Amino acid sequence: MSAKRLVLLGAGHTHVLALPAIAAAVAKAGWELLLVCGESKVAYSGMMTGAIAGLYRQEEIYIDIPRLAAASRVKLVGEDAVELNASKRMLRLADGSSVSYDLLSLNVGGTIGAAFPGSPQNCCPVKPVADFFSWLDALPANPARTVAVVGGGVAGVEVALAIDARLRAAGRRGGVFIVGAHEQLTPGYPVLSRVLGRHMQRRGISVLLGSPAIKASAERIILQNGASASISEAVVATGVHTWQGLAGSGLVVDAGGFVEINRKLQSISHPEVFASGDCAHLDLAAGVLRKAGVYAVRQAPVLAANLAAAMTGGSLHEWSGSGEALAIVADGLGGAIAHRNGRTVAGKWVWKWKDYLDRRFMRRVGAS
């Protein structure tokens, strides 16, 4: 009789942190463990804007997936999954093969698609990260060029600051602005919004808020309310889109296509499927859990414990999901602004703190 199989799909923050504990639990239970990931290296989002600004080398922000799998003695299937059939407990891979499972854990993150139909070549989303860096490396430092960052959330603001810092290092100042659909930056964080607004003003980064961008050409970006602005390039840092393989999977998903889970990180429709990080939708008493890497990191120990329990018939733990996540916005110039529970602090020391936390994460996953 063949061993039962646990399949981990994706190498997001939760899986890479939990992998050693999951592997140990699988060995103890006598199951088989597969990690399905078509990427040989995965970027750590916490260090991405530091690399944009030139504070890190690009190679410093990547996690080596084959090395990570080998360190935990996990079998790696180096193919992208393109379809999930939950009723058959089957994944279809890009090469046409399939992988069956008894338990499945999804940590596939999300994507950022083009913001506009038929987006021109001068518009690029920040994900996939490798494609974005290739585009960014070719970005001219010509002072006459203007870069619009589409997305007024924390990610969009930090990307705008990082690009501004990158251009300053090339001897250029100004020419970066943010386009946001809401009336303020970082919706849901009013105190942080005011602090960042003042910071943007000091840096000479303009903001165009209150209406989503709906169209872009090689010369202009147009908002839904009819406003427009001249651009040379546009960077898209808007909301996360779900993994397309979930369409038609049979799992219960929300309106955006994200897997609906309970506080045990378990699909509400298929108890043999777990999901964590950006690919999941979780309703809490305080509202819907935001898409943020810090939550994926926090979910790692609960996911590992619950997968171990699911293999042995034990009781599952609930993830509290309590407390507002700490948000740290790097300014790209060696400083940062931290926000939590309506309070902010800023300075060079905040960047050093963020750098310490990010490098510690990379050490924990064996990337440095």
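So how much slack lies between Leu284 and Ala24, counting 0.36 nm per residue of separation and subtracting their Cα-Cα distance, in nm?
Numbers: separation 260, 0.36 × 260 = 93.60 nm, distance 3.07 nm.
Between Leu284 and Ala24, full extension yields 90.5 nm more.
If you consider only alpha-carbon coordinates, what radius of gyration and Dmax does the chain have, in Å?
That works out to 21.0, 69 Å for Rg and Dmax.
The stretch 150-166 to the stretch 230-256: how many Å between their Cα centroids?
Here the answer is 19 Å between Cα centres.
Summing +1 for each Lys or Arg and -1 for each Asp or Glu, what net charge is found among the other residues whose Cβ lies under 14 Å from the Cβ of Arg73?
Result for the local shell: +2.
So what are the radius of gyration and Dmax for the Cα set of the stretch 207-325, in Å?
Rg, Dmax (Cα atoms, Å): 19.0, 60.
At 0.36 nm per residue, and after removing the present C-alpha to C-alpha distance, how many nm does the segment from Arg194 to Glu318 gain when stretched out fully?
41.1 nm is the gain from fully extending Arg194 to Glu318.
Show the residues, 5+ positions off or on another chain, whose built amide H is closer than 5 Å to the amide H of Ile214.
Under 5 Å from the amide H of Ile214 lie the amide H atoms of Ile222, Leu223, Gln224, each far enough along the sequence or on another chain.
Under 26 Å between alpha carbons: how many lysine pairs meet that in the chain, if sequence neighbours fewer than 8 apart on the same chain are excluded?
Here the count comes out as 22.
Using only DSSP helix segments of four residues or longer, with each worth -39500 (n - 2.57), what per-residue ellipticity at 222 nm results for the chain after dividing by its residue count and rounding to 500?
Details: 8 runs with 106 residues, N = 368.
About -9000 deg cm²/dmol.
Given a Förster radius of 35 Å and the C-beta distance between Ser98 and Ala255 as r, what FRET efficiency does 1/(1 + (r/R0)^6) yield to the nearest 0.05? It would help to have the intermediate numbers written out before the result.
Details: r = 29 Å, r/R0 = 0.83.
For R0 = 35 Å, the calculated efficiency reads 0.75.
Which residues' amide hydrogens lie under 5 Å from the amide hydrogen of Trp319, considering only partners 5 or more residues apart or on another chain, with H built in the peptide plane?
The answer is Lys264, Leu265.
What ranking, highest mean first, results for peptides 20-28, 247-255 when packing means the other Cβ atoms within 10 Å averaged over each residue?
Final packing ranking: 20-28, 247-255.
Output wanted: per-residue J couplings in Hz (rounded whole) for the stretch 215-224, from phi through Karplus 6.51 cos²θ - 1.76 cosθ + 1.60, θ = phi - 60°, x for Gly and Pro.
Once θ is set to phi - 60°, the couplings for the stretch 215-224 become 7, 9, 10, 6, 10, 9, 10, 10, 9, 4 Hz.
For Val236, what residues show an amide H to amide H distance below 5 Å, using hydrogens built from the backbone and excluding near sequence neighbours?
Counting only residues 5 or more places away or on other chains, the set is Cys124, Val126, Val150.
Report, in order of residue number, the helices in the chain meeting two criteria: a C-alpha extent of 18 Å or more along the helix axis, and a mean Kyte-Doolittle hydropathy of at least 0.5; treat each whole DSSP H run as one helix.
13-29, 154-169, 293-312
Could you tell me what percent of the DSSP beta bridges with both partners in the chain are antiparallel, to the nearest 5? Intermediate results must be reported in sequence, preceding the final value.
Values: 31 of 63 bridges.
Of the beta bridges lying entirely in the chain, close to 50 percent run antiparallel.
Please give, to one decimal in nm, the separation of the simple spin-label points placed at Ala247 and Asp137, each 7 Å out from Cα toward the Cβ.
Placing both labels 7 Å along Cα→Cβ, they lie 3.2 nm apart.
For the modelled label position 7 Å from the Cα of Arg73 along Cα-to-Cβ, which residues of the stretch 19-51 have backbone nitrogen atoms closer than 18 Å?
Residues 19-35 qualify, since their backbone N sits under 18 Å from the label point.
Quick note: the coordinates plus some simple rules give every number you see, no bench work behind them. Please read these numbers as outputs of a predicted model, since none were measured by experiment. Reconstructed Cβ throughout: ideal geometry from the backbone, glycine too, with neighbour counts over all protein chains shown.
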